[in-house]
Amino acid sequence: MSKQFKRTLITSALPYANGPVHIGHLAGVYVPADIYARYLRLKGEEVLFIGGSDEHGVPITIRARKEGVTPQDIVDRYHQLIKKSFEEFGITFDIYSRTTSDIHKKTASDFFRKLYDDGKFIEQESEQYYDEEARQFLADRYITGTCPHCGNENAYGDQCEQCGTSLSPTDLINPKSTLSGSVPVMRPTKHWYLPLDQHEAWLRQWILEDHKEWKANVYGQCKSWLDLGLQPRAVSRDLDWGVPVPVEGAEGKVLYVWFDAPIGYISNTKELLPNDWEKWWKDEDTKLVHFIGKDNIVFHCIVFPAMLKAEGSFILPENVPANEFLNLENDKISTSRNWAV
Ligand SMILES: [Zn+2]
């Protein structure tokens with residue numbers, strides 16, 4: 001018999017604030033979540049429906065640089081636009097907030113610090129490209145060069161858009177910084193990693209044995225990730241846009257956007273219910289359901305649960321409904337470019 005819960009906490013994927021939401025997002029994530037929230041409310045159940053914009057990460061800084069404005073200008077523009085679209089579409093969020101709010105920065109920072117203090121991260125030094133003129137480490141997207149596979153001279157440090165090959169910056173021939181145009185040099189930098197490999201055993205049991213009822217696409221993707229074996233994942237990076245790493249000597253480093261964004265669900269609940277948010281996140285009688293797009297499956301089924309488990313006081317999701325592409329006149333509308341988590 002399935003467990004009876006006292007209340008339901010519904011989250012919907014945080015759209016990335018560097019562009020508008022489109023019909024694919026609405027059909028795949030927000031309308032299904034909204035229907036579920038309305039249904040539970042009609043039944044008289046206790047329900048919360050949380051939304052918000054995801055406002056950190058490299059693509060926003062790239063867009064800002066291109067337009068000659070600040071990252072804050074970009075997220076202010078798109079947060080307002082997205083929020084208004086949802087209102088006009090009639091999506092009934094209990095709160096729609098954002099990851100640049102003060103309450104989010106503090107919540108994400110405290111979350112990192114708790115895991116750091118409890119020894120839940122590993123520290124590792126690696127060599128990364130650094131721009132001596134711009135005086136900063138370069139995110140993969142800030143490096144261009146020649147693709148070793150097809151010879152395209154404008155391949156990015158993470159991918160060649162001509163042949164579609166995934167790259168790492170050191171694969172590029174004649175790498176160049178897009179910030180200053182200079183040739184980047186290798187420099188050592190220290191980062192913190194969430195050792196997902198150490199979480200593999202309980203994740204296997206929890207997903208593959210205890211949640212066989214999850215949708216086939218969700219279950220299948222989790223299984224293939226787990227079967228490949230999980231690797232430690234960097235939770236910090238060298239960037240000037242994001243939540244600063246709250247550790248001495250970590251100047252110029254911020255939390256990786258994939259780490260801070262899902263904490264936004266918690267921050268937004270806190271913003272709405274400053275004195276009563278914990279029962280929604282820490283009481284076993286709350287049913288947590290994440291509505292997401294298919295590109296977010298691994299983050300919501302494996303990575304975020306590992307973060308919550310490492311923290312120790314949070315509940316885990318009971319279900320993670322994810323939808324595939326929406327077809328419009330036989331063309332796929334891909335949502336992948338708009339999710340940055
Ligand atoms: Zn190529």
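Residue by residue, here is whether (1) of a type in the set (Lys, Arg); (2) at pLDDT 95 or above; (3) within 30 Å of Leu14 (Cα to Cα) holds:
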| site | (1), (2), (3) |
| --- | --- |
| Asp102 | no, yes, yes |
| Phe111 | no, yes, yes |
| Asp118 | no, yes, yes |
| Gln128 | no, no, yes |
| Ala139 | no, no, yes |
| Cys147 | no, yes, no |
| Leu179 | no, no, yes |
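For beta carbons closer than 6 Å, sequence separation of 6+ or different chains, a first residue in segment 152-173 that is touching a residue at least 40 places away in the same chain (Cβ under 8 Å) and a second that is near the ligand (Cβ under 10 Å from one of its atoms), there are no qualifying pairs.
Got a sec? Which of Asp238, Asp276, Asp227, Asp285 is of a type in the set (Asp, Glu) and surrounded by 16 or more Cβ atoms within 10 Å (Cβ to Cβ)? Walk me through it before giving the result.
Numbers: Asp276 fails: surrounded by 16 or more Cβ atoms within 10 Å (Cβ to Cβ); Asp227 fails: surrounded by 16 or more Cβ atoms within 10 Å (Cβ to Cβ); Asp285 fails: surrounded by 16 or more Cβ atoms within 10 Å (Cβ to Cβ).
Going through Asp238, Asp276, Asp227, Asp285 in turn, just one is of a type in the set (Asp, Glu) and surrounded by 16 or more Cβ atoms within 10 Å (Cβ to Cβ): Asp238.
Contact map, segment 102-114: first residue closer than 18 Å to Trp281 by Cα, second residue exposed (fewer than 14 other Cβ atoms within 10 Å of the Cβ), Cβ cut-off under 8 Å, separation 6 or more or different chains; the map is empty.
Residue check: Thr146 meets all listed conditions (1) within 16 Å of the ligand (Cβ to nearest atom); (2) surrounded by fewer than 17 Cβ atoms within 10 Å (Cβ to Cβ); (3) of a type in the set (Ser, Thr, Tyr) but one, namely (2).
From Ala139, Ala155, which residue is away from the ligand (no atom under 16 Å from the Cβ) and not assigned by TED's automatic domain parsing to the domain that holds Asp238? Outline the logic, then answer.
Values: Ala155 fails: away from the ligand (no atom under 16 Å from the Cβ).
Every option except Ala139 fails the conditions.
Name the single residue that is nearest to the ligand (Cβ to nearest atom) among those in segment 158-183 being of a type in the set (Ser, Thr, Tyr) and assigned to a strand (DSSP E or B).
Selected residue: Ser166.
For segment 71-82, which positions are surrounded by fewer than 21 Cβ atoms within 10 Å (Cβ to Cβ) and farther than 16 Å from Thr61 by Cβ? If the condition is that a residue be surrounded by fewer than 21 Cβ atoms within 10 Å (Cβ to Cβ) and farther than 16 Å from Thr61 by Cβ, then Gln80, Leu81 are the ones that fit.
The values are calculated or read from the model by the stated rules, or taken from the named source; none is laboratory data. Note that this is a predicted model, so its numbers are computed, not measured. Positions of Cβ are generated from backbone atoms using ideal geometry, with glycine treated the same way; all protein chains shown enter the neighbour counts.
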